[in-house]
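S.K.: Here you go, one structure.
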Amino acid sequence: MQLPLEYKRELENLFKEGSEYRRFISCYDEPPYRGIRINTLKVCDERFKEIFKFKIKKSRFSKNSYYLEEVVKSIGNLPLHHAGAFYVQEPSASSAVAALDPNPYEKILDLCAAPGGKSTQIAAALKGHGLLWSNEVVGSRARVLLSNIERMGVRNAVISSCSPEVLCEKLCGFFDKVLVDAPCSGEGMFRKNPEAIIEWSPEHVKACAKRQLAILKTAAKSLKKDGILVYSTCTFSLEENEGVIYKFLHENPDFALEDIDEQFGRAACNVGLSSELIDTSKARKIFPQDGGEGHFVARMRKVNDDAKKVHDFNYKTAKSTDNKLGYEIFSQLFNCEVYGKIVKAAGKFIILPEGLADIARLNVLRAGVLLATSKGSGWEPAHAAFMAASKDELKFNIDLDSGSSEILEYLSGRELSINDKLIGYVGVCVDGIVTGFGKAVNGRLKNKYPKGLRLLA
């Protein structure tokens, strides 16, 4: 693999021991790491290992993160992937959320969230309690983010496509924890994406560092006192990693860098003239020889509070008939308690998450779960509502084996023959995990799997 000379010189300086540099360079002659993260919102680790047909090995970077030990062609076409049982994620990419340490009932912002790997990892840790706000400024990427949030069955998320400055100013002091997985020069992507090498340049590194510092300063506004801010990149650059953290802490003395308890990678470098005051080595750095493609993670705590407060959103009261119909729809489809307030807006019935902040003028694509949409004088359930449910929560369901021809037929958009005693909307499960729904009529299941998600013939 042909690497830029300036890049090799930078890394040669970073590794002070020649043998370590040679180990690093030799990694470029090896295949990249491949991995998955089990989605515990849908399935536990033990059950997943029973139904997944390929070899996996536990990684050191986070809970539920595994190396994929064999080549799996078209892994995104597997029925279990469609069901949201796992997320394809290079193992070291899960280290940032491990350092963030999300806990149920916290309010967490993922500021640069697309395509959704770290957001869905946060959601699994929240276990349906608390609030996840996932933001992506680029509209097309935000739609991909929304699709992944829905596939993984997340109930308590807000997905927005808003500039960080507008979002963090309006939600100043609102969040317990914030993740900034910043856009970077992507040096950790070199082994699996040759185009990243072509796009790399010293000028690009400098531009990234400037943008990263600006995003980090903006993100800081949205934190409560004693809140946690995690900064991560998938690059090795001192300028983008330790350099950005040093400058941020130097300019924001109300934040303090913390040790990361997780034992992955290695200590970051110490930079700056005041290194005895700002010990950037408390951050963690992961290189390919450490078992991952590459990541940098720093955890900071807001030790002072000068942020103005915001109030939790007061739900706007919808018409009583609309609310009543929404709850009736839910009760016809599911046999569990409603997990949020159901409102109707623009012909859509939506289950809003608890603790929601005011979403006006923040370009929110979705808050909570889309339950159903109006259709003529009636209504039709949404795919997202079924994906957010477990098999036991469904009124009616069919369960298909992940190796069966029937599940492939369903995922391709075809009708299925089913028990003629089933009538109405029926959830479709694969190995006990909900993957969509259909409408049962006279022993046939009319397919409702979204066209944009279907397997191509």
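The values are calculated or read from the model by the stated rules, or taken from the named source; none is laboratory data. Only a predicted model underlies this, so the values are computations on that prediction, with no experimental measurement involved. Positions of Cβ are generated from backbone atoms using ideal geometry, with glycine treated the same way; all protein chains shown enter the neighbour counts. For the accessible areas, the whole protein counts, side chains as well, though only heavy atoms, and no ligand, DNA or RNA atoms are used. Shrake-Rupley method; radii C 1.70, N 1.55, O 1.52, S 1.80 Å.
S.K.: Excluding residues fewer than 8 places away in the same chain, name every one of the lysines whose C-alpha is closer than 17 Å to that of Lys192.
M.R.: The reachable lysines, counting only those whose Cα sits under 17 Å from Lys192, are Lys73.
S.K.: Based on alpha-carbon centroids, what's the gap between the stretch 340-371 and the stretch 132-180 in Å, whole number please?
M.R.: After rounding, the separation between the Cα centres reads 13 Å.
S.K.: Given a 1.4 angstrom probe, I'd like the percentage of the accessible area of the stretch 1-100 that is carbon and sulfur, rounded to a whole number.
M.R.: With neighbouring chains kept in place, the figure for the stretch 1-100 is 48 percent.
S.K.: Then there's this: Taking the chain as the reference, fit the longest principal axis to its C-alpha atoms, fit the long axis of helix 139-151 to the helix C-alpha atoms, and give the angle between the two in degrees, 0 to 90, nearest 10.
M.R.: 60
S.K.: Along the Cα→Cβ direction, 7 angstrom out, place labels at Glu415 and Arg361. What is the inter-label distance in nm?
M.R.: 5.1
S.K.: Using a probe radius of 1.4 Å on heavy atoms only, what accessible surface per residue do you get for the chain? Whole Å² is fine.
M.R.: Ligands and nucleic acids excluded, the result is 44 Å² per residue.
S.K.: From the Cα gyration tensor of the stretch 374-457, with a ≥ b ≥ c the square roots of its eigenvalues, which class applies: rounded if a/c is under 1.5, or else prolate if a/b is larger than b/c, or else oblate?
M.R.: Since a/c stays below 1.5, the shape of the stretch 374-457 is classed as rounded.
S.K.: Let me ask you something else. Percent of accessible area on the stretch 102-142 owned by carbon and sulfur, 1.4 Å probe?
M.R.: On the way: 680 of 1200 Å².
Percent of accessible area from carbon and sulfur atoms in the stretch 102-142: 57.
S.K.: Got a sec to turn the phi values of the stretch 336-342 into Karplus ³J(HN,Hα) couplings, 6.51 cos²θ - 1.76 cosθ + 1.60 with θ = phi - 60°, whole Hz, x for Gly and Pro?
M.R.: Result, ordered by residue: 10, 5, 5, 9, x, 7, 9 Hz.
S.K.: From the Cα gyration tensor of the stretch 8-123, with a ≥ b ≥ c the square roots of its eigenvalues, which class applies: rounded if a/c is under 1.5, or else prolate if a/b is larger than b/c, or else oblate?
M.R.: oblate
S.K.: Give the angle, between 0 and 90 degrees and rounded to the nearest 10, that separates the Cα long axis of helix 202-220 from the longest principal axis of the Cα atoms of the chain.
M.R.: 60
S.K.: For Leu453 and Asn323 in the same chain, what is the full-extension length gain: residue separation times 0.36 nm, less their Cα-Cα distance, in nm?
M.R.: Once the chain is fully extended between Leu453 and Asn323, it gains 43.8 nm.
S.K.: So, one more: If one takes the longest principal axis of the Cα atoms in the chain, at what angle in degrees, from 0 to 90 and to the nearest 10, does the Cα axis of helix 117-126 lie?
M.R.: So the helix axis and the longest Cα principal axis differ by about 70 degrees.
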